[in-house]
C-alpha cells in the first residue's frame with residue numbers, strides 16, 4: 001500500500017497552489033523536511049512561495065491553527081518569525097485531502113555559534129518569543145511530558161519489532177531505569193509557556209544580524225529551557241559559556257527560572273527516546289528508510305542503548321552552572 005504522500009506529485013502540488021489563484025511556472029524544489037512535505041514553488045511574475053503540506057493524522061485543524069496564531073502574534077510584536085500567508089482570510093487550505101499552507105520565502109545562513117554576540121542576539125530574540133508565548137497557553141496543542149516523549153516511545157518500540165531480539169532486554173532495562181529516575185525530576189513544578197518546541201540551529205535563518213525563526217510545527221507548551229538547550233554544544237565548560245551569552249541576551253526581555261537548568265539533560269534524554277520512536281512511527285513513509293538507512297540495523301540500536309546509558313549517568317551530575 002502506497003503512502004499518502006505518494007499522491008503528492010509535482011502536478012498535485014501546483015494544482016493545490018493554483019487553486020488559491022496563483023500561477024505556477026513549474027519550478028519546484030523539494031526542501032529538507034521529513035515530517036511534512038515542503039516545497040519552494042516558482043510563480044509567474046512573482047517571488048517563489050514555500051508550500052507546506054501537512055502529514056495526515058498528526059495535528060488536528062485546531063492544533064495547526066493554534067500554531068498559525070502563535071506565529072502571527074510574534075510578527076505583530078515585531079519578532080522575525082515567518083507566519084503563513086493569509087489568503088481569503090485563511091491560513092490553512094485543503095486540496096484533494098491535503099491540508100497545506102503557503103509562506104513567503106526567506107533566505108539566510110546558519111548562526112555562528114562561536115560568536116558570543118550572535119548567541120546574545122539569539123538569546124534576545126528567544127526572550128522576546130517567550131515573552132509573547134507566556135501571555136497565554138496553547139489550548140489544543142499538548143505539553144511536553146514524560147508520558148508522550150518517554151513511556152509512549154518505549155512502549156511503541158517494544159511493541160513493533162524494531163529492536164533486534166538480542167538487544168531488547170538491554171533496551172528495556174536502560175529505558176525503564178531512565179524513566180524511573182526521570183519521573184521525580186520532571187514532576188517538580190515548572191512554569192510552562194508556548195514554545196517553538198524544536199528550536200535548533202537548523203530552524204534559524206541568520207540575515208542582517210537578525211535571526212529569523214522558522215518551522216513552528218512542533219510548537220507546544222513546556223519550560224523555557226526547552227527552546228534554549230538545543231542551542232548549546234560541546235563539553236560542559238563550553239556549554240556553560242554558550243548558555244551564559246544566550247541568557248545574557250534573554251534576560252533583556254524575559255525572566256528565566258535558573259532552576260530549569262537542571263532539566264537540560266532530562267529533556268535531552270526524552271528527545272533521544274522520542275526521536276527513535278518518531279523514526280519507527282514513520283517507517284512506512286518511503287522518505288524515512290532513505291533518510292535513515294541505518295535505523296533497522298543492530299549497530300544503530302547498540303549505539304542508541306549506549307547513548308541512553310551515557311545519558312543515565314549524566315542525570316546524577318550537577319546541573320549546568322551559568323553565572324551572569
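A few points about this structure:
- Selected residue (only one of 125, 103 is in a strand (DSSP E or B) and out of contact with any helix residue (DSSP H, G or I) (no Cβ under 6 Å at 6 or more places or on another chain)): 103
- Residues satisfying the stated conditions in region 111-122, i.e. farther than 16 Å from residue 81 by Cα and in contact with a helix residue (DSSP H, G or I) (Cβ under 6 Å, 6 or more places away or on another chain): 112, 116, 119, 120
- Residues in region 128-176 that are at pLDDT 95 or above, over 20 Å from residue 68 (Cβ atoms) and not in a helix (DSSP H, G or I): 144, 145, 160, 162, 163, 164.
- Flag if residue 214 is modelled with pLDDT under 95 and crowded, with 16+ Cβ neighbours inside 10 Å: yes
- Note on region 306-316: residues that are surrounded by fewer than 18 Cβ atoms within 10 Å (Cβ to Cβ), part of a helix (DSSP H, G or I) and touching a residue at least 40 places away in the same chain (Cβ under 8 Å) total 3.
- Residues in region 252-262 that are more than 18 Å from residue 319 (Cβ to Cβ) and exposed (fewer than 15 other Cβ atoms within 10 Å of the Cβ): 252, 255.
- Residue count for region 272-312 under the criterion of being under 22 Å from residue 182 (Cβ atoms) and at pLDDT below 95: the result is 0.
Every residue, every condition in (1) touching a residue at least 40 places away in the same chain (Cβ under 8 Å); (2) surrounded by 15 or more Cβ atoms within 10 Å (Cβ to Cβ); (3) farther than 20 Å from residue 116 by Cα, yes or no:
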| residue | (1), (2), (3) |
| --- | --- |
| 240 | yes, yes, no |
| 243 | yes, yes, no |
| 264 | yes, yes, yes |
| 273 | yes, yes, yes |
| 293 | no, no, yes |
| 299 | no, no, yes |
| 318 | no, no, yes |
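- Residues satisfying the stated conditions in region 228-242, i.e. within 22 Å of the chain's Cα centre (by Cα), at pLDDT 95 or above and farther than 17 Å from residue 204 by Cα: 239
The values are calculated or read from the model by the stated rules, or taken from the named source; none is laboratory data. All values reported here derive from a predicted model rather than from experimental measurement. Please note: Cβ atoms are built from the backbone with ideal geometry, for glycine as well, and neighbour counts cover all protein chains shown.
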